[in-house]
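These notes are about the structure you will find just below.
The values are calculated or read from the model by the stated rules, or taken from the named source; none is laboratory data. Everything quoted here is computed from the prediction, not taken from an experiment. Glycine also receives a Cβ, built like all others from the backbone with ideal geometry; neighbour counts cover every protein chain displayed.
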């Protein structure tokens, strides 16, 4: 599904290149649950951003579903966002001016899903995450864990084939974190959704099927659990 | 999706209520000013536009060596009609010249603007009575029409269209005329009147010497005007020879004909000045500047809000929204605000309309049908949405999700220079307005307090058309008036000191010839006006010669002839030898714009007009009684024109000379207030933006031990510098502009320094205050909050 070959990312400043990623090559298949681990500054988030096409590598080859992403037009990239990729952020990044239901509905609007279909999918999500009673609340009225659930529900509403999560539990207490991880595992097992997460926690990583250890921009270890 | 965007927009605007109302309010106020000015401009530029032949009507005028004039002799029009087939119609007009009374049995109305036209002119210029205008049957037939208001005064109960009989002038004179009907006067036309007479032919027996008519021509569409002008010019010269006029003089050789289109008559006639046009352009520029500044503000305020929306942009982008959709979304939001601002602006304009109408002496209304606003407003709305919205929309929609979603997002600093310069422009304009306003006010104060050389207080001017040129005729009138208690002195003259111009003529003293003004007066003229004597004496009944050949000159005249001891000298002019008996100090009868003209005052003057202007000096304490008595006795005092006693206070009339300047002062006051207000709003937004952007920096500095005052200083310093730069830019501009304006006055102040200092002080104070209010929030904030995400 994802094929990275010799991905490099560096910032040049006064002729000195400071590398974030070096020679990163890996293949991630459909249905995998990959955790990217490593110390701060190892390039985890950058790698995830590159996979999510939010940043461009300085150098290298990246194929997403056999399509060369580097030369992709903005239009094509946005098509990928709409149909295949769901993002989950550490800081949740819900839209403050939208209610829970509206936040979940938003990606469906952009995907031009019909009105009745949208309603049923939103209802389905609310039901699945036990948030029917909270559907008209605004994000600021929810706890962190609840906000992250909405964030995941939003990502799932568009029925993506892959979820990219940047420290999804980073701002959460451990009980809530566990709940999120259980959810990811379930999504991966039951719905076959590919999940790539960046995490600091060994416990979280243990939920996945594969761990990529990054150190100073280089993949040091690729462990399959 | 649109519904959801709309919801987000409304929730956002609601959440930031304060900023939103500042944003919309500022724009609304600027729009109100713009709407008013635009309506005024539209009104002023569409005089006579209703005329179906608007583009094909021209007035025929003459260029003389010294000036241009629209006065032409009546036979010229007829010759044009006969010779040039491209001229479809020729209309001749003549103004009445003086005010006269029109009386019915019960009431009296006054015609101060009587107009005589021929049938073709009435047709061409659409001077049509309420019913069909019939062509006068014969050569002598005169159709006399009155404006509706006068007709209502004369015959309040009149319902039918039948002609009425009226008396013209004094009832004693007993001249009657038939009023054919009423005519509605189009105030939005170059040709206005309150009484109109239509004849088959006007100026029938008058030759090319009678240059006191106006000739309008209507040409076929597509006529070459320059060629026609040449042809008429040749025709005019040939006709003059045929007519037996003296064509040997330079005056004749240098006189040429011009054609001036009807559409230029109101604002920039060739014969006249284009001051009104310049004022209009200045006003438009002013209004556009204000609107532009408001738009700039809007932009700045929107960008200041940008960080708050950055997350939304980032999230939406990763959810699969195109950039153009975001751009459109933000533009729609701004459009919504602009719509509200426009509605508010219309309301404000409506509220200000009475004041505006009074200031510019017009009667505009927003709610009139066929208003040009109908199509102008939507265009303006779109334009301001575009100007104010496109930049923030581009900036907002351009945010990179990978940057904004990291959590601690700060907008880039690379647009600072742009906004810095916008702010400097705003403040420069504000400084120019403040400085100009203060200088205008100083000049006006100078004009009000400066000794004008005569005293118009307690002087009453009485309207009269009876001629009192001969002192012997006036004497009994004077004696009757003087018997009324409270009257201190009475005089009559050909003119009053209300800014009106005097006649001028060539006079010779000691072989020196010069053209100077003359004014014909009666005894007690100088005493009534309290004019100071420099040398010699005033006119006095004790000297028999005063009514024969005595003259008084003013100091300027003495200087013009280089006379050191003028008393007793002979001054020759108008086939008379005057003996100078006195010299008076100069007095500013014509106001402050023109210098005091060298003037000769005499009781006898064969070249002068009739003395009709009565002036009375009345004791202040007995003013009302004296006027009441005068009114009661007037028919007896002034037998020939005593039916109607009408009076004015001379200081009111003289005060009208300041009207234009007072109007300018009001405009500048409004403009200064507006720009300061809007610029402060802009500053407020910019300060907020800057402070928000520097939150982290401030937090770090505080953690490092900076004091509150140091941080306030830090935040203020860049704004302080900008205001200083703005002042430096505007001072020379304001200096040049006000100097140019002051140069239109013969008597003026030196440009004072104070206004410049005041405007600097005002802008600096406002800046420090506005910025500090914003900065105080940043100073008080707990640094931990700003540093949390690090």
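Scan region B:598-614 and tell me whether some residue there is part of a helix (DSSP H, G or I), more than 36 Å from the chain's Cα centre (by Cα) and assigned by TED's automatic domain parsing to the domain that holds residue B:539.
There is no residue in region B:598-614 that is part of a helix (DSSP H, G or I), more than 36 Å from the chain's Cα centre (by Cα) and assigned by TED's automatic domain parsing to the domain that holds residue B:539.
For region B:504-520, enumerate the residues that are farther than 16 Å from residue B:596 by Cβ and in contact (Cβ under 8 Å) with a residue 60 or more places away in the chain.
B:505, B:506, B:507, B:508, B:509, B:520
Suppose the filter is surrounded by fewer than 17 Cβ atoms within 10 Å (Cβ to Cβ), in contact with a helix residue (DSSP H, G or I) (Cβ under 8 Å, 6 or more places away or on another chain) and in a helix (DSSP H, G or I); does residue B:731 pass it?
So residue B:731 fails the test.
Looking at region B:234-248, I want the residues that are in contact (Cβ under 8 Å) with a residue 40 or more places away in the chain and have a partner that is in a loop (DSSP other than H, G, I, E, B) with Cβ atoms under 6 Å, at least 6 apart or on another chain. Which pairs are those?
Within 6 Å, the pairs are B:243/B:207; B:243/B:208.
Residues in region A:32-53 that are surrounded by fewer than 18 Cβ atoms within 10 Å (Cβ to Cβ) and facing chain B (nearest Cβ under 9 Å): how many?
Residues meeting the conditions: 0.
Condition check ((1) modelled with pLDDT under 90; (2) assigned to a strand (DSSP E or B); (3) touching a helix residue (DSSP H, G or I) at 6+ places or on another chain (Cβ under 6 Å); (4) over 27 Å from residue B:585 (Cα atoms)) across all residues:
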| residue | (1), (2), (3), (4) |
| --- | --- |
| B:424 | yes, no, yes, yes |
| B:439 | no, no, yes, yes |
| B:451 | yes, no, no, no |
| B:464 | yes, no, no, yes |
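Out of the residues in region A:109-138 meeting the condition of being at pLDDT below 90 and in a helix (DSSP H, G or I), tell me which one is farthest from the other protein chains (Cβ to nearest Cβ).
Of everything passing the filter in region A:109-138, A:128 is farthest from the other protein chains (Cβ to nearest Cβ).
Would you check which residues across region B:78-96 are out of contact with any helix residue (DSSP H, G or I) (no Cβ under 9 Å at 6 or more places or on another chain) and outside any strand (DSSP E or B) and list them?
Once the filter is applied, which keeps residues that are out of contact with any helix residue (DSSP H, G or I) (no Cβ under 9 Å at 6 or more places or on another chain) and outside any strand (DSSP E or B), region B:78-96 yields B:78, B:82, B:85, B:96.
So which residues in region B:42-77 are more than 20 Å from residue B:188 (Cα to Cα) and in a helix (DSSP H, G or I), if there are any at all?
B:74, B:75, B:76, B:77
Check residue B:319 against each of (1) farther than 30 Å from residue B:41 by Cβ; (2) without any contact (Cβ under 8 Å) to a residue 12 or more places away in the chain; (3) more than 14 Å from every other protein chain (Cβ to nearest Cβ) and name the one condition it does not meet.
(3)
State yes or no: is residue B:673 out of contact with any helix residue (DSSP H, G or I) (no Cβ under 7 Å at 6 or more places or on another chain), in the same structural domain as residue B:741 (by TED's automatic domain parsing), assigned to a helix (DSSP H, G or I) and over 30 Å from residue B:563 (Cα atoms)?
Yes, satisfied.
Please go through (1) touching a strand residue (DSSP E or B) at 6+ places or on another chain (Cβ under 6 Å); (2) at pLDDT 90 or above for residue A:167 and return the number of the only condition it doesn't satisfy.
Among (1) touching a strand residue (DSSP E or B) at 6+ places or on another chain (Cβ under 6 Å); (2) at pLDDT 90 or above, residue A:167 violates only (2).
If you go through region A:73-100, how many residues are away from chain B (no Cβ under 11 Å) and surrounded by 17 or more Cβ atoms within 10 Å (Cβ to Cβ)?
Selection size over region A:73-100: 1.
Output the residues belonging to region B:10-20 that are under 44 Å from the mean Cα position of the chain (by Cα) and either assigned to a helix (DSSP H, G or I) or buried (at least 24 other Cβ atoms within 10 Å of the Cβ) (or both).
B:10, B:13, B:14, B:17, B:18, B:19, B:20, listed by residue number.
May I ask you to verify whether residue B:84 is at pLDDT 90 or above and outside the structural domain of residue B:291 (by TED's automatic domain parsing)?
Yes; evaluated as a whole, the condition is true for this residue.
Quick one: residue A:106 ticks every box in (1) in contact with a strand residue (DSSP E or B) (Cβ under 9 Å, 6 or more places away or on another chain); (2) within 13 Å of another protein chain (Cβ to nearest Cβ); (3) crowded, with 19+ Cβ neighbours inside 10 Å except a single one, so which number is it?
Here residue A:106 meets the rest and fails (1).
If you check residue B:371 against the conditions, is it modelled with pLDDT under 90, on the phi > 0 side of the Ramachandran plot and more than 14 Å from chain A (Cβ to nearest Cβ)?
Spelling it out, it is not the case that residue B:371 is modelled with pLDDT under 90, on the phi > 0 side of the Ramachandran plot and more than 14 Å from chain A (Cβ to nearest Cβ).
Among the residues of region B:300-316, count how many are within 14 Å of chain A (Cβ to nearest Cβ) and farther than 21 Å from residue A:99 by Cβ.
Residues that pass the stated criteria total 2.
Output the residues belonging to region B:571-592 that are in a loop (DSSP other than H, G, I, E, B), crowded, with 19+ Cβ neighbours inside 10 Å and touching a strand residue (DSSP E or B) at 6+ places or on another chain (Cβ under 8 Å).
Within region B:571-592, B:586, B:587 qualify.
In region A:139-161, which residue that is out of contact with any helix residue (DSSP H, G or I) (no Cβ under 7 Å at 6 or more places or on another chain) and within 12 Å of chain B (Cβ to nearest Cβ) is modelled with the lowest pLDDT?
A:140
Since residue B:758 meets every condition but one in (1) buried (at least 17 other Cβ atoms within 10 Å of the Cβ); (2) closer than 22 Å to residue B:440 by Cβ, which condition does it not meet?
It is condition (1) that residue B:758 fails.
If you go through region A:54-64 one residue at a time, do you hit one that is away from chain B (no Cβ under 11 Å) and part of a loop (DSSP other than H, G, I, E, B)?
yes
Tell me whether region A:6-13 contains one or more residues that are in contact (Cβ under 8 Å) with a residue 12 or more places away in the chain, buried (at least 20 other Cβ atoms within 10 Å of the Cβ) and in contact with a helix residue (DSSP H, G or I) (Cβ under 7 Å, 6 or more places away or on another chain).
Yes, the conditions are met somewhere in region A:6-13.
Could you give every pair whose Cβ atoms fall below 9 Å, whose first residue belongs to region B:704-719 and is assigned by TED's automatic domain parsing to the domain that holds residue B:773, and whose second residue is not in a helix (DSSP H, G or I), counting only separations of at least 6 or pairs across chains?
B:714/B:694; B:714/B:706; B:715/B:694
Wholly within region B:506-564, which strands (runs of 3 or more DSSP E) include no fewer than the required count, namely at least 1 residues that are modelled with pLDDT under 90 and exposed (fewer than 14 other Cβ atoms within 10 Å of the Cβ)?
Because the criterion is at least 1 residues that are modelled with pLDDT under 90 and exposed (fewer than 14 other Cβ atoms within 10 Å of the Cβ), the strands (runs of 3 or more DSSP E) in region B:506-564 that meet it are B:512-520.
Which ones in region B:21-50 are more than 23 Å from residue B:355 (Cβ to Cβ) and either surrounded by fewer than 16 Cβ atoms within 10 Å (Cβ to Cβ) or assigned by TED's automatic domain parsing to the domain that holds residue B:88 (or both)?
Selection gives B:21, B:49, B:50.
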